[in-house]
Amino acid sequence: MIPFNYKTHAVKVIFGKPIFEALEEELPDNKPNIAFIGSRRYGDLVEKLKLHEKVGEVFHFDKVIQHVPQGLVEEAGEFLEDKEVNIILCLGGGSAIGLGKALILNSSAELWAVPTTYSGSEMTNIYGISHNGVKTVKRNDRVHPQKVFYDPFLSLGMPLDLAVPSAFNAMAHLVEALYSPESNPIINALADLGLKILFEGLKSLSEEKVMTSDINEKLMFGAYVGGKVLCEVNMGLHHKAAHVLGGNFNLEHSKIHTLLLPYVLKYQWDFLNENTQQNFQSIFENPLPYKTLRALQENLGSGFSLQDLGLSKEDIPKAVDFLMQMTYPNPAPMIRDHLNMMLESAY
């Protein structure tokens, strides 16, 4: 076996239990004070926590904004400034968890995450803050949650127009992990497992047109594994392009990930080694897997275009400028004309 490096993170994952039951089991006995980050729709859970004998005080910050604006981080920081918080508990999608990550950088508290979408942010040391139209994404082990709770009931009721793009967002993590220059046998095995289960769930959803408990649990498991591999290897062009288009041009995060997935895989295809190509072909049951991905998206009502998502065609060269300024490992070389063609074909 070839030599490799592999870095993992200490995190306890609680998968499949109702959230309040899981929290009861995990809360320490010293009555911690909890900062709850999540929208008002979770007010009932906040009230139950306030009454629980193992909890001290609970402070609820209920404002969540996509791409985590710097101003929101400052507002939440001021809200918590004079409070002695032991646990920052984030419940929601990537935006709620992202705000918790930004706050933990200046806190000695533990960070616990309860995802309600398939974003995968809860399993990573990656965080992003946007300011003046530019989103800055960094890694810091401090922002990796110590505990992650997967309650399938919380994502079961997600509308399909939110659930499907969120699941394709998770798939992007698994796809890029499989061709990452930093990949290794452990990452390959994890990404392969996660991708097969997630794809199986999405295929079932395209056939049944309704989110069942079984489908939801497959998507959530795939998202969990996707977040794990996202943390453990660097991502390539897909994620750089998604953050450029999402953070700098204010396009919806999961939808831009969904759209880019087949187009970026096509861009990379000729530069993938034979084993990686064969793995994708086997999983997606097509000699050109990006065609299967696009057909599945269209069947699920998520066949987006850049025009649909609100990008002006005149902004394509600007987006390419941002991409050309970045340095990162990627299977295919970054060639301006080719990047322009990729984004124009997605328009």
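Out of the chymotrypsin sites (Phe, Trp or Tyr not before Pro) in segment 221-285, which ones are loop residues according to DSSP with at most 15 other C-beta atoms within 10 Å?
Those that pass, being in a loop and sparsely packed, number zero.
Only helical DSSP H runs with n ≥ 4 go in: add -39500 (n - 2.57) per run for the chain, normalise by residue count and round the 222 nm mean residue ellipticity to 500 deg cm²/dmol.
Numbers: 15 runs with 181 residues, N = 347.
-16000 deg cm²/dmol, from helical runs alone.
In degrees, nearest 10, range 0 to 90: what is the angle between the Cα axis of helix 94-104 and the longest Cα principal axis of the chain?
On a 0 to 90 degree scale, this one is about 60.
Between E25 and E274, what is the FRET efficiency for a Förster distance of 41 Å, r being their Cβ-Cβ separation, to the nearest 0.05?
0.30
Let's test the formula: R0 of 41 Å, r as the Cβ-Cβ distance of F153 and R336. What FRET efficiency results, to the nearest 0.05?
Efficiency at R0 = 41 Å is approximately 0.30.
In the Gaussian network model of the chain, springs joining C-alpha atoms below 10 Å, which of Q277, Q325, Q297 carries the largest mean-square fluctuation?
Looking only at Q277, Q325, Q297, the largest GNM fluctuation is found for Q325.
Kindly work out what percent of the DSSP beta bridges joining two residues of the chain are antiparallel, to the nearest 5.
Among the beta bridges of the chain, antiparallel pairing accounts for roughly 20 percent.
For segment 93-197, run through the chymotrypsin sites (Phe, Trp or Tyr not before Pro) and keep only the ones in DSSP coil with at most 11 other Cβ atoms within 10 Å of their Cβ.
Here no chymotrypsin sites (Phe, Trp or Tyr not before Pro) fit, given the DSSP loop and packing criteria.
Relative to a virtual label point 7 Å from the Cα of S213 in the Cα→beta-carbon direction, which members of segment 154-168 show backbone nitrogen distances below 14 Å?
Answer for segment 154-168: 154-157.
Among the listed pairs K203/K266; K203/K291; K266/K313; K240/K318; K135/K318, give every one whose C-alpha distance is greater than 18 Å.
K203/K266; K266/K313
If you fit an axis through the alpha-carbon atoms of helix 213-232 and take the longest principal axis of the Cα set of the chain, what angle between them do you get, 0 to 90°, nearest 10?
Its long axis makes an angle of about 80 degrees.
With charges only on Cβ, +1 for K and R and -1 for D and E, what is the dipole size of the chain about its Cα centre, in debye, rounded to 20?
Around 460 debye, computed over the chain.
Report the gain in length on full extension from T136 to S312: 0.36 nm times residue separation, minus Cα-Cα distance, nm rounded to one decimal.
Values: separation 176, 0.36 × 176 = 63.36 nm, distance 2.20 nm.
Between T136 and S312, full extension yields an extra 61.2 nm.
Taking the chain as the reference, fit the longest principal axis to its C-alpha atoms, fit the long axis of helix 336-345 to the helix C-alpha atoms, and give the angle between the two in degrees, 0 to 90, nearest 10.
Relative to the chain, helix 336-345 is tipped by roughly 80 degrees.
Find, among the GluC sites (Glu not before Pro) in segment 274-313, those assigned to loop by DSSP (not H, G, I, E, B) with at most 11 other beta-carbon atoms within 10 angstrom.
Loop-located and lightly packed - E285.
Readers should treat all values here as calculations from the given coordinates under stated rules, not as data from a laboratory. Model, not experiment: these values are computed from the prediction. Note that each Cβ is placed from the backbone with ideal geometry, even for glycine, and that neighbours are counted across all protein chains shown.
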